[in-house]
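Okay, so here's the structure we're looking at.
Every number in this text was worked out from the coordinates using simple rules, so none of it is lab data. The shown structure was predicted, so the numbers you read here are calculated from the model rather than taken from an experiment. Glycine gets a Cβ as well: all are built from the backbone with ideal geometry, and neighbour counts include every protein chain shown.
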Amino acid sequence: MTAISEWNERFGIQGVAEIVSGQGGLAVVRVSTEAATAEVYLHGAQVTSWKPTGAGEVLFVSAQSLFVDGKAIRGGIPICFPWFRGKADDAKAPAHGVVRTKEWELTGIAQEGDEVTVTLATESDEASRKWWPHEFRAEYRVRVGKELGLALTVTNTGGTAMRFEEALHTYHRVGDAEQLRVTGLDGTAYLDNMDGNREKRQAGDVIFTAPTDNAYLNTTGALEVVDPVLRRRIRTEKGNSLTTVVWNPWREGAKALADLGDDEWREMACVEASNIISYAVELDAGEKHTMTAALSVSQ
Ligand code: TA6
């Protein structure tokens, strides 16, 4: 485990990007420029805060979240890989894969004008091989500015083909989940995970009236979380992502999650650029794939 002082020596940019000890003593990159501030934990390469100048916090993190090695942070942008939700062929495997619960390596911090790009990487290891027999390298670029640009590149470093699911499981901070709507999915087929993954078709915008866990299929379009309470729209433009997941646990789901406050379901909505289920990615040996998502905020 690299000491925080060493990370700073290698990559810190005084007054712009510093690595400090964050919650639970976990290392976090704190970025601050004219355009925005942000926090990126090495744990899970998880962005936990992004505030474009003039806008409030865009991401939700639970007050009950754990910040512990081996556990997932509840909020921000967890990276799900190489499977989504439970592992189809192994109920004992950790949900959402193996990279959100471990420390990634910080591989660079670069400033260009009022934008700062933080890069991190992780690779297959003994822990990942326990659940998944493939060799991979995952590289993540986080571009912090007026927009938040995310790029997850997965390389098959093994000798055989591999198939994986991936998601940027973005928790949007919202004023009231009961009053917002998600646009960009009208007419799209989806699998309803609250109803045995029955296939349905979206009519109009997504509004939350109950526990919602939908996987929208074969959709590449941009999405907007339209929030009348915070009077803002959070837009997501996706790249190389063929599915979108929309989730809110509602009252019941929040009660069932130890690391989410009973009333916090109201303050969050997950809209997730992803490639899951029948749109999982297949890579031959040596091949790589990049999925991107760019977030922006408007009134
Ligand atoms: O993205 C929606 C979802 O897959 C739901 O099924 C729900 O389980 C949620 O993720 C949270 O998963 P987690 O493992 O972080 O509790």
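Would you list, by chain and number, the lysines whose Cα falls below 22 Å from the Cα of LYS146, excluding same-chain residues fewer than 8 positions away?
Reachable lysines: LYS51, LYS238.
Give, in nm to one decimal, the length gained when the segment between GLU287 and ALA256 is fully stretched (0.36 nm per residue of separation minus the Cα-Cα distance).
Answer, rounded to one decimal: 7.2 nm.
Taking R0 as 35 Å, what's the FRET efficiency between ALA88 and GLU9 from their Cβ-Cβ distance, rounded to 0.05?
It comes out at approximately 0.20.
Could you list MET162, MET194 so that the one with the fewest beta carbons within 10 Å of its beta carbon is first and the one with the most is last?
Arranged by neighbour count, lowest to highest, MET162, MET194 become MET194, MET162.
Label 7 Å along Cα→Cβ of ARG231; the stretch 274-299 residues with amide nitrogen under 13 Å?
Hits in the stretch 274-299 for ARG231 at 13 Å: 299.
Counting other Cβ atoms within 10 Å, which chymotrypsin sites (Phe, Trp or Tyr not before Pro) in the stretch 173-223 have at most 12 and lie in a DSSP loop?
Loop-located and lightly packed - none at all.
When the gyration tensor of the chain is built from Cα positions, what are the square roots of 5 times its three eigenvalues, in whole Å, from largest to smallest?
27, 24, 18
Arrange the peptides 274-287, 143-156, 4-17 so that the one whose residues have, on average, the most other Cβ atoms within 10 Å appears first.
Packing proxy ranking, top to bottom: 143-156, 274-287, 4-17.
Applying the Karplus parametrisation 6.51 cos²θ - 1.76 cosθ + 1.60 with θ = phi - 60° to the phi angles of the stretch 8-20, what ³J(HN,Hα) value in whole Hz is obtained for each residue in order, glycine and proline being reported as x?
Here the 3J(HN,Hα) series is 5, 4, 6, 10, x, 10, 3, x, 10, 9, 10, 9, 10 Hz.
Per-residue ellipticity at 222 nm for the chain, helices alone: DSSP H runs ≥ 4 residues times -39500 (n - 2.57), over residue total, nearest 500 deg cm²/dmol?
-1500 deg cm²/dmol, from helical runs alone.
Compute a Gaussian network model of the chain, connecting alpha carbons closer than 10 Å, and tell me which residue from THR236, THR160, THR220 fluctuates the most.
THR160
Quick one: order HIS172, HIS134, HIS43 by neighbouring beta-carbon count within 10 Å, fewest to most.
Ranking HIS172, HIS134, HIS43 by Cβ neighbours within 10 Å, fewest first, gives HIS134, HIS172, HIS43.
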